[in-house]
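The block underneath contains the structure these notes are about, expressed in structure tokens.
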Number of protein chains: 2
Amino acid sequence: MAAALALAERGRGRTAPNPNVGCIIVNAGRIVGRGWTQPGGRPHAEAMALAAAGDAARGATCYVTLEPCAHASSRGPACADSLITAGIARLVAGLRDPDPRTDGLGAERLRGAGVEVAMGIAEAAARRSMAGFITRRTNGRPFVTLKLAQSLDGAVAMASGSSKWITGPEARAHAHLERARHEAILVGRGTWQADAPLLDVRLAGLGARSPRRILLSRSEGPDGWETVATPGDIAMLADTDHLLVEGGVQTAAAFLSADLVDRLLLYRAPILVGGGLTLPGIGLADLTAAHGRWRLHDSRMLGSDQLQVYERDDRQRDREPV
Amino acid sequence: MAAALALAERGRGRTAPNPNVGCIIVNAGRIVGRGWTQPGGRPHAEAMALAAAGDAARGATCYVTLEPCAHASSRGPACADSLITAGIARLVAGLRDPDPRTDGLGAERLRGAGVEVAMGIAEAAARRSMAGFITRRTNGRPFVTLKLAQSLDGAVAMASGSSKWITGPEARAHAHLERARHEAILVGRGTWQADAPLLDVRLAGLGARSPRRILLSRSEGPDGWETVATPGDIAMLADTDHLLVEGGVQTAAAFLSADLVDRLLLYRAPILVGGGLTLPGIGLADLTAAHGRWRLHDSRMLGSDQLQVYERDDRQRDREPV
């Protein structure tokens, strides 16, 4: 399942409105097929893996991060049917598909055809892998990642506005890789006016994966840019399940105030700036209200900078809504 | 030597103007004596370990974090002589004593008496262990640790001044343990007026280790407090090799501007405050000047908070003085 989850990452940010699924088919201990949801959402991961496996799929085990779909469409047959036809003997699936057209029906159909089915395997990892798809289904908006490149004292720029550079080349390369995992990037008008950022993916081989550019602005955007008037309007962005909010601090505060951030990507350089630009108010009543909202998910060094990834802590939210 | 270094920590913050040394005596694979510099600087670690070892010191190996002193004083004999008299066969020492009354003479005298001597063992660790003593000798002032308890966006308090609490109980307990490792703690007048802090060590069994309290102020301090008018005046604090600067951000900035901080103790809570109090200007000309000053030494979780310890990066300083 770890291999299927890794394959699923290949599609992240390119499969909306479909989920980015990963699939691997194993026969007698040998991998005979690999698949992941292709750009635009089709073919599905299972279809790609079955095509690679051919006759070797007969009697094989299929590992897939999401329950195979039970609904055929004009763009392809139901994956549950394709797996049965190919003679898959055993299915190991991550998340049950929340799409009401499947939602357990895929597994049911496979079981009915004599396939051994295990579902809910590595479910937490599968859920994280498809956070964009799930957030769209659950909250009707993209999964939002907020990126901040900071000094140890929280400055994203000097008071003069200069931010070249807080972080080093390794952290900046990683930030470009993150761009490639999002359908769209959003900045505020201040950042656009100051930097007129390209927001492209400047990594060898990934130039074609540059996401769409969104401006947070009540007036019309420049050529090649879409606009949203308020953070809440991101719900209307078509084919966008992953949105990266890149700057500046006013825009970050607007999204945080609206409680529209699911993940923090903090790149922290080992420097002190002092008197720099930091996050403005986010509507906090008191310090108690600040706690229990974020949970550390990942921490690593990138050169001399540290990357920390925090995720919205829904366990606390459920207990203590703010 | 690791055991001797651990023993040396017991004296940290209580031995000024003497170094906090650790010592262990091993005979035929058995530890026969342990010692560490006692409060006020005497007895020395070697004297304490030799007293414990008694006759078992004959033919034994002595591990000590600093070269044994070669100079007798009214407060005790030279440790080099005591080790020779006790019949130590082998000496393994960390740092060569920078005190001109010893500075290699201790090792020389031991070698002259037929003792096998290895010096410079775990020297970097020994140097860090005695950073207070070395900074006093080298720079004529205490080793300064700056403590900041921050949110992810660098706030040490809300805009209202409220800072109870940014960090959790584990981090606060650790901060109290750090207090016990310093001869003195300094705060600014603003922090004193707002909080009238006790600055004591609220940990079971360590109440007696509460450090002296220093106020950064041009006017007279309250009862039980010493004062320094400027950060540079810390050089005049008697019997203070380790100074902990605890707040607030104006005081932190004053010490950073004066380039008088050797170590950063950053306790970072998984919260965003927004618009809070952050570090004011520290006289930085541009971002380039901010880099190369700090090196991550330690990082650990304390409950849901993260402690990061940064040390002054002298390698960079030597190359590129700012």
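For the range B:278-311, what are the residues that are surrounded by 15 or more Cβ atoms within 10 Å (Cβ to Cβ), more than 7 Å from every other protein chain (Cβ to nearest Cβ) and either touching a helix residue (DSSP H, G or I) at 6+ places or on another chain (Cβ under 6 Å) or acidic (Asp, Glu) (or both)?
Passing the criteria: B:Gly292, B:Leu302, B:Gly303, B:Asp305, B:Glu311.
For the range A:169-181, does any single residue satisfy the condition of being in a loop (DSSP other than H, G, I, E, B) and without any contact (Cβ under 8 Å) to a residue 12 or more places away in the chain?
Checking the range A:169-181: not a single residue is in a loop (DSSP other than H, G, I, E, B) and without any contact (Cβ under 8 Å) to a residue 12 or more places away in the chain.
Given the criteria on the phi > 0 side of the Ramachandran plot and facing another protein chain (nearest Cβ under 9 Å), does B:Gly154 qualify?
Taking the combined requirement at face value, the residue satisfies it.
Does the range A:73-82 include one or more residues that are in a helix (DSSP H, G or I) and more than 20 Å from A:Ile121 (Cβ to Cβ)?
yes
May I ask you to say which residue of A:Arg141, A:Arg181 is at pLDDT 95 or above, surrounded by fewer than 23 Cβ atoms within 10 Å (Cβ to Cβ) and in contact with a helix residue (DSSP H, G or I) (Cβ under 8 Å, 6 or more places away or on another chain)? Steps first, answer last, please.
On the way: A:Arg181 fails: at pLDDT 95 or above.
Testing whether each residue is at pLDDT 95 or above, surrounded by fewer than 23 Cβ atoms within 10 Å (Cβ to Cβ) and in contact with a helix residue (DSSP H, G or I) (Cβ under 8 Å, 6 or more places away or on another chain) leaves just A:Arg141.
Name the residues in the range A:10-46 that are at pLDDT below 95 and assigned to a helix (DSSP H, G or I), would you?
Answer for the range A:10-46, where residues must be at pLDDT below 95 and assigned to a helix (DSSP H, G or I): A:Pro39, A:Gly40, A:Gly41.
Taking A:Ala89 as the residue in question, decide whether it is under 30 Å from A:Ala238 (Cβ atoms), modelled with pLDDT of 95 or more and surrounded by fewer than 20 Cβ atoms within 10 Å (Cβ to Cβ).
In short, no.
So which of A:Leu95, A:Leu110, A:Leu7, A:Leu66 ends up being in contact with a strand residue (DSSP E or B) (Cβ under 8 Å, 6 or more places away or on another chain) and more than 30 Å from A:Thr145 (Cβ to Cβ)?
A:Leu110
Can you find, within the range A:33-51, the residue that is surrounded by the fewest Cβ atoms within 10 Å (Cβ to Cβ) among those that are closer than 18 Å to A:Leu95 by Cβ and in contact with a Ser or Thr (Cβ under 9 Å, 6 or more places away or on another chain)?
Residue satisfying both the conditions and the ranking: A:Gly41.
Quick check, is B:Ala118 more than 26 Å from B:Asp241 (Cβ to Cβ) and surrounded by fewer than 22 Cβ atoms within 10 Å (Cβ to Cβ)?
So B:Ala118 fits the description; yes.
Count, please, the residues in the range B:298-313 that happen to be free of Cβ contacts under 8 Å to residues at least 24 places away in the same chain and part of a strand (DSSP E or B).
Qualifying residue count, the range B:298-313: 4.
Looking at the range B:128-139, can you tell me whether even one residue there is free of Cβ contacts under 8 Å to residues at least 60 places away in the same chain and over 30 Å from B:Val92 (Cβ atoms)?
no
Can you find even one residue in the range B:94-102 that is in a strand (DSSP E or B) and modelled with pLDDT under 95? Lay out the reasoning, then the answer.
First, pick out the residues of the range B:94-102 that are in a strand (DSSP E or B): B:94-95.
Filter again for modelled with pLDDT under 95, leaving none.
Taking every residue of the range B:94-102 in turn, none turns out to be in a strand (DSSP E or B) and modelled with pLDDT under 95.
Quick grid of which residues meet (1) farther than 28 Å from B:Ala173 by Cβ; (2) within 15 Å of the chain's Cα centre (by Cα):
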| position | (1), (2) |
| --- | --- |
| B:Ala208 | no, no |
| B:Arg213 | no, no |
| B:Leu216 | no, no |
| B:Glu220 | yes, no |
| B:Glu226 | no, no |
| B:Asp239 | no, yes |
| B:His242 | no, yes |
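Would you check which residues across the range A:227-247 are part of a helix (DSSP H, G or I) and surrounded by fewer than 16 Cβ atoms within 10 Å (Cβ to Cβ) and list them?
A:Gly232, A:Asp233, A:Ala235, A:Met236
Keeping to the range A:103-134, report how many residues are modelled with pLDDT under 95 and of a type in the set (Ser, Thr, Tyr).
Matching residues across the range A:103-134 total 0.
Does any residue of the range B:107-123 turn out to be over 24 Å from the mean Cα position of the chain (by Cα), assigned by the TED database to the domain that holds B:Asn20, in a helix (DSSP H, G or I) and basic (Lys, Arg)? Show your work before the answer.
The first filter runs over the range B:107-123 and keeps only residues over 24 Å from the mean Cα position of the chain (by Cα), leaving B:107-118.
After this cut, where a residue has to be assigned by the TED database to the domain that holds B:Asn20 as well, the list is B:107-118.
So of that shortlist, the ones also in a helix (DSSP H, G or I) come out as B:107-112.
Next, only the ones that are basic (Lys, Arg) stay: B:109, B:111.
Yes, the conditions are met somewhere in the range B:107-123.
Given the options B:Leu215, B:Leu272, name the one that is surrounded by 18 or more Cβ atoms within 10 Å (Cβ to Cβ), assigned by the TED database to the domain that holds B:Ala175 and touching a Leu at 6+ places or on another chain (Cβ under 7 Å).
Going through B:Leu215, B:Leu272 in turn, the sole match is B:Leu272.
Quick test of your reading of the structure: A:Ala159 fulfils all but one of (1) buried (at least 19 other Cβ atoms within 10 Å of the Cβ); (2) of a type in the set (A, V, I, L, M); (3) at pLDDT below 95. Name the failing condition by number.
Going through (1) buried (at least 19 other Cβ atoms within 10 Å of the Cβ); (2) of a type in the set (A, V, I, L, M); (3) at pLDDT below 95 one by one, A:Ala159 breaks only (1).
Note down all Cβ pairs under 8 Å where the first residue falls in the range A:113-127 and is among the β-branched types (Val, Ile, Thr), the second is surrounded by fewer than 17 Cβ atoms within 10 Å (Cβ to Cβ), and they're at least six residues apart or on different chains.
Cβ pairs passing all conditions: A:Val115/A:Ala89; A:Val115/A:Arg90; A:Val117/A:Arg90; A:Val117/A:Arg111.
Taking the condition of being closer than 24 Å to B:Ser162 by Cβ, in a loop (DSSP other than H, G, I, E, B) and touching a Gly at 6+ places or on another chain (Cβ under 9 Å), how many residues in the range B:202-219 meet it?
1
Of these, B:Gln193, B:Gln250, which one is of a type in the set (S, T, N, Q), out of contact with any strand residue (DSSP E or B) (no Cβ under 8 Å at 6 or more places or on another chain), within 30 Å of B:Asp153 (Cβ to Cβ) and not in a loop (DSSP other than H, G, I, E, B)?
Of the residues listed, the single one that is of a type in the set (S, T, N, Q), out of contact with any strand residue (DSSP E or B) (no Cβ under 8 Å at 6 or more places or on another chain), within 30 Å of B:Asp153 (Cβ to Cβ) and not in a loop (DSSP other than H, G, I, E, B) is B:Gln193.
Show the residue pairs meeting these rules: Cβ distance below 6 Å; 6+ apart or different chains; first residue within the range A:262-277 and more than 30 Å from A:Arg141 (Cβ to Cβ) and at the interface with chain B (Cβ under 7 Å from one of its Cβ atoms); second residue hydroxyl-bearing (Ser, Thr, Tyr) and surrounded by fewer than 21 Cβ atoms within 10 Å (Cβ to Cβ).
A:Pro270/A:Ser304
One residue is enough: does the range B:116-131 have a residue meeting the conditions touching a Pro at 6+ places or on another chain (Cβ under 7 Å) and either within 14 Å of another protein chain (Cβ to nearest Cβ) or among the hydrophobic types (A, V, I, L, M, F, W, C) (or both)?
yes
Looking at the range A:25-32, is at least one residue free of Cβ contacts under 8 Å to residues at least 40 places away in the same chain and buried (at least 24 other Cβ atoms within 10 Å of the Cβ)? First the steps, then the outcome.
Of all residues in the range A:25-32, those free of Cβ contacts under 8 Å to residues at least 40 places away in the same chain come to A:26-32.
Narrowing further to those that are buried (at least 24 other Cβ atoms within 10 Å of the Cβ): none.
So far as the range A:25-32 goes, no, none of its residues is free of Cβ contacts under 8 Å to residues at least 40 places away in the same chain and buried (at least 24 other Cβ atoms within 10 Å of the Cβ).
Just wondering, is there one or more residues in the range A:219-226 that are more than 11 Å from chain B (Cβ to nearest Cβ), surrounded by 21 or more Cβ atoms within 10 Å (Cβ to Cβ) and among the charged types (D, E, K, R)?
Quick first cut of the range A:219-226, residues more than 11 Å from chain B (Cβ to nearest Cβ) only: A:219-226.
Checking the rest, the ones that are also surrounded by 21 or more Cβ atoms within 10 Å (Cβ to Cβ) come to none.
No.
The values are calculated or read from the model by the stated rules, or taken from the named source; none is laboratory data. Note that the structure is a prediction, hence the values are computed from the model and not measured. Neighbour counts are summed over all protein chains in view; Cβ atoms, including those assigned to glycine, are modelled from backbone coordinates with ideal geometry.
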